Amino acid sequence: MKRVFEDYKNLSDNLTTLFLDSDNNDHDFKIKTEDKTFFCHRSFLKYRSEYFAGMFRSNYQENQQGEITFPDISTKTMEKVLLFLYTGKVEMDQDNAVDLLLVANKLLIETLKKFCEQYVSANLSAENIFDVCEIAAHFACEYLQKKCLKYINMHTESLFSHRGFLQISETLMELILKSDFLMINKEINLLHLLVKWGQKQAKQFVQDRVKGIQTEAVCEEIGHLLKYIRFVSLSQIEYNSVKELKIIPKDLEPKTDLVFLRPRSSRYFLKSVILKESREYQEAIQNWINDKEFLQNMELRFTYDKDGTRGEDFYRICGGAGKSLVVIHSTNGNIFGGYTVVGWPATPTSNAVYDRDAFMFTLKNPLGLPPEKFSVINGKENMAVYSISSYGPVFGGGYDLSIQTDMKNGNFNFGYTFQTPAGITYGSTQAQNFLTGAANFQVQKMEVFCQKK
């Protein structure tokens, strides 16, 4: 029987000694900063850095002379980078992570660049987000840029009031405005922020004494960015106020040239792991519920695993909450759930609950059918929702959709209380398998949205 023995610690320690031993005559290349010379080995550099690999394959002067100087890289940062090339280890903190990232990008050290992006993205804050996002965009750090934009999406309102917002570049402003997931209360607020940014960018602007608004100078700064404003989300009053701002370029007519982007994805579901990446699913649920007051005031109250794994946990957190939306992602990849206006009582009663406005729905199903809502069958409104001791949420007196005591397993008896899709009859195999492919299923994620307390 073969066995592999490893000695990585001693290997790393030995390579560290090799790098730091300036008296060793084995070195064949020098790397200089403003105040220090590092004695290195081409064999290490070329296999660990595409930058040096390309240099050593060429007739560059530095290759022939056996040395190169980096006046723009600090000695401390260069030492950490070279130690990483030799040992594969790097000590990173918030003071040096961005510097290491810039050098890793310059010297084409992809592994170190990846580590830096991971570290920096895990330590984003209101104080550094815009600077980091600028760096990520400029140096094509795709992973870091994605994380930055996600952070901005989640903290839009607070970040836009931060002093650093008005200093961001045009490139970053465009990236932000393109996002479908900005968490903003009103699109008109974003337009006003864009105007403020334009004022800051313009070298000079003339104040309109009548309207208190600026200029053609500002128009030139923001004109090409207006196409990312979702004018379709503005009310008529808001739209009229935009025309009064006189910021629309003369060669553009908003009704024909600017109103072409769909509304941004709802801010209501940004905390949802299941829904936040799909605008189609969000819009479907919003249209089905058609209750703006509930949508604006709901909160993600319960998440399977995080908030509990027993039916009693569900009732403790969601019982008595009133209007409730249940979204389930099964282990085989299907997404479905239900909505109730009445909700479940604070204490299980083992009784059915009347709710004529309750419905079940599918977002993703084995048949590949589009999102669809299923209302209560006429005459069965008195059993739309069921309250059962120790169970999780149950829709339908016939257990059309039920989550069992462990909150992990669920069952379908689809069509007893709620309407089925055209061509599918209650009791058939198709009805049982429609939502998840089987009458029994397992929960991967479950989220319950309720009215805020």
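Rule-based calculations on the coordinates, nothing more; no lab input. On a predicted model such as this, the values are computed, not experimentally measured, just so you know. Reconstructed Cβ throughout: ideal geometry from the backbone, glycine too, with neighbour counts over all protein chains shown.
R0 = 41 Å: FRET efficiency of Asp28 with Lys150, Cβ-based, nearest 0.05?
0.35
Please go through the range 7-95 and write out the trypsin sites (Lys or Arg not before Pro) that DSSP classes as loop and that have at most 15 other C-beta atoms within 10 Å.
Lys36, Arg57, Lys89
Under a plain spin-label model, where a point goes 7 Å from the Cα along Cα-to-Cβ, how far apart in nm are Lys9 and Lys89?
Those two pseudo-labels are separated by 1.0 nm.
Under a crude label model (7 Å from the Cα following the beta-carbon direction), how far is Thr17 from Glu50 in nanometres?
3.5
Do the sum for the chain: with -39,500 (n - 2.57) for every DSSP H run of n ≥ 4, divided by all residues, what is the mean residue ellipticity at 222 nm, to the nearest 500 deg cm²/dmol? All intermediate terms of the calculation are to be shown ahead of the outcome.
On the way: 18 runs with 166 residues, N = 453.
Calculated from helices alone, the mean residue ellipticity at 222 nm is -10500 deg cm²/dmol.
Gain in length, Glu244 to Ser375, computed as 0.36 nm per residue apart minus the alpha-carbon separation, to one decimal in nm? If you can, show how the numbers build up before the last one.
Values: separation 131, 0.36 × 131 = 47.16 nm, distance 4.52 nm.
Stretched fully, the Glu244-Ser375 segment lengthens by 42.6 nm.
Can you tally the net charge around Asp99? Count Lys and Arg as +1, Asp and Glu as -1, for every other residue whose Cβ sits under 12 Å from the Cβ of Asp99.
Values: positive: Lys76, Lys80, Lys106; negative: Asp72, Glu79, Asp93, Asp95.
In short, -1.
I'd like the FRET efficiency for Tyr60 and Glu283, computed as 1/(1 + (r/R0)^6) with the beta carbon distance as r and R0 of 35 Å, rounded to 0.05. Show your work: numbers first, answer last.
Numbers: r = 56 Å, r/R0 = 1.61.
Efficiency, rounded to the nearest 0.05: 0.05.
For Ala422 and Ser235, calculate 0.36 nm times their separation in residues minus their Cα-Cα distance, and state this gained length in nm to one decimal.
63.6 nm
Assuming 0.36 nm per residue, please report the length gained on full extension of the stretch Asp291 to Asn128 beyond their Cα-Cα distance.
Length difference between fully extended and current span is 54.9 nm.
According to a simple spin-label model (label point 7 Å from Cα along Cα-to-Cβ), what is the distance in nm between Thr309 and Ala140?
4.5
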